[in-house]
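The values are calculated or read from the model by the stated rules, or taken from the named source; none is laboratory data. It should be emphasised that the depicted structure is a prediction, and the values quoted were computed from it without experimental measurement. Positions of Cβ are backbone-derived with ideal geometry, glycine not excepted, and every protein chain shown enters the neighbour counts.
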Amino acid sequence: MGLELILGLVGTLGGMILPPIVDFVKKKFIPAANDTPERTMGTLATTAPAALQGYVDALAKYYQSQTSYFNRDVVGTPSTWVINLRAVIRPLVVCGAFVLLGIEAAGLNKLDPVTRTGSLTVIGNWLGSRII
């Protein structure tokens with residue numbers, strides 16, 4: 001019972017607290033990169049406007065090559081039902097976790113420790129991603 005409580009609290013609090021802490025540390029202590037495509041385009045527009053078109057074309061080709069490499073195993077467009085299924089999986093799992101914990105809180109059924117810990121972790125992860 002004690003280990004289950006610790007794991008549940010760590011999973012839930014970790015999912016809720018760690019993402020904002022990591023985001024804060026990254027923003028506070030890791031300097032932002034100064035060399036962005038937008039900054040380069042701005043500099044080119046003021047210093048060498050003739051070179052701006054070539055830079056934009058090269059950047060577009062670079063992004064296109066990255067996209068085609070990333071999608072190298074995808075052929076065509078996925079079916080609408082596949083897209084909808086992917087979109088509904090996480091909300092259903094989170095709602096299911098809430099239902100399971102609600103059933104246990106009402107005293108209708110007792111969950112085993114692994115299911116309770118998993119439910120708390122799923123809910124904590126979802127809440128953590130909503131806080132950011």
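Some points to look at:
- From Leu101, Leu59, Leu44, Leu52, residue being assigned by TED's automatic domain parsing to the domain that holds Trp126 and modelled with pLDDT of 85 or more: Leu101
- Selection count where residues are basic (Lys, Arg) and closer than 28 Å to Leu13 by Cβ, scope the range 63-118: 3
- Check on Gly107, without any contact (Cβ under 8 Å) to a residue 40 or more places away in the chain, assigned by TED's automatic domain parsing to the domain that holds Asn125 and more than 24 Å from Asn125 (Cα to Cα): yes
- Residue check, Leu92 farther than 19 Å from Ile6 by Cα, over 24 Å from the mean Cα position of the chain (by Cα) and either outside the structural domain of Asn125 (by TED's automatic domain parsing) or of a type in the set (A, V, I, L, M) (or both): no
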